């Protein structure tokens, strides 16, 4: 019996090596780190604020931040085509200057083969108090031009861990775009 317990305890760690682990790499979506495509900053008296910028991505993706009138969102460009995940009516803007790419950890510790993207939006007008705002994390499954939203995590103490759990769950299905 002791030999069986010892053998089992030796094999369990080996089985965890067989599973591929995911980890994160971050890229910037700060205006200063992106290529500005168009911006109301370039006009003397713009009617509204607007901006479109292309930012560094991974695995052939370019991150696009665009919007106007205090509605700024993230989409991806893949193979020259824009891939959109959400349509939010409320006022919102990027809740962070970084986006998180989830991918497989290689033997050398590098992270490649990115399967998910997590980004934060600050959404205004929650609840009865129109001035209230909250962060939400959006989790995107990366699948080229078929990339799609697979989860949204509302502001909470453990929201980052919850979003990573969704990102790493390969059984998660696409949420239809409204």
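The values are calculated or read from the model by the stated rules, or taken from the named source; none is laboratory data. As the structure is a computational prediction, the values presented were derived from the model and not from experiment. Heads up, the Cβs are rebuilt from the backbone with ideal geometry, glycines too, and the neighbour counts pull from every protein chain shown.
Of the candidates 118, 77, 65, 70, the single residue that is modelled with pLDDT under 95 and on the phi < 0 side of the Ramachandran plot is 65. Please name all residue pairs, on different chains or six or more residues apart, with Cβ atoms under 8 Å, provided the first residue is in the range 132-160 and is without any contact (Cβ under 8 Å) to a residue 40 or more places away in the chain and the second residue is loosely packed, with under 13 Cβ neighbours inside 10 Å and not in a strand (DSSP E or B). Close Cβ pairs satisfying both conditions: 150/173. Of the residues making up the range 32-58, those that are surrounded by 15 or more Cβ atoms within 10 Å (Cβ to Cβ), free of Cβ contacts under 8 Å to residues at least 24 places away in the same chain and out of contact with any helix residue (DSSP H, G or I) (no Cβ under 9 Å at 6 or more places or on another chain) are 52, 54.
Note on the range 121-143: among residues that are farther than 23 Å from residue 28 by Cβ and assigned to a loop (DSSP other than H, G, I, E, B), the one that is modelled with the highest pLDDT is 132. For the range 143-169, what are the residues that are exposed (fewer than 15 other Cβ atoms within 10 Å of the Cβ), in contact with a strand residue (DSSP E or B) (Cβ under 7 Å, 6 or more places away or on another chain) and on the phi < 0 side of the Ramachandran plot? Listed by number, the residues that qualify are 145, 154.
Among the candidates 83, 111, single out the residue that is modelled with pLDDT of 90 or more, more than 10 Å from the chain's Cα centre (by Cα) and closer than 21 Å to residue 51 by Cβ.
The match here is 83.
More than 15 Å from the chain's Cα centre (by Cα) and at pLDDT 90 or above: is that true of residue 105 in this structure? Judged against the criteria, residue 105 is a match.
Of everything listed in (1) under 24 Å from residue 33 (Cβ atoms); (2) in a strand (DSSP E or B); (3) at pLDDT 90 or above, the single unmet condition for residue 163 is (2).
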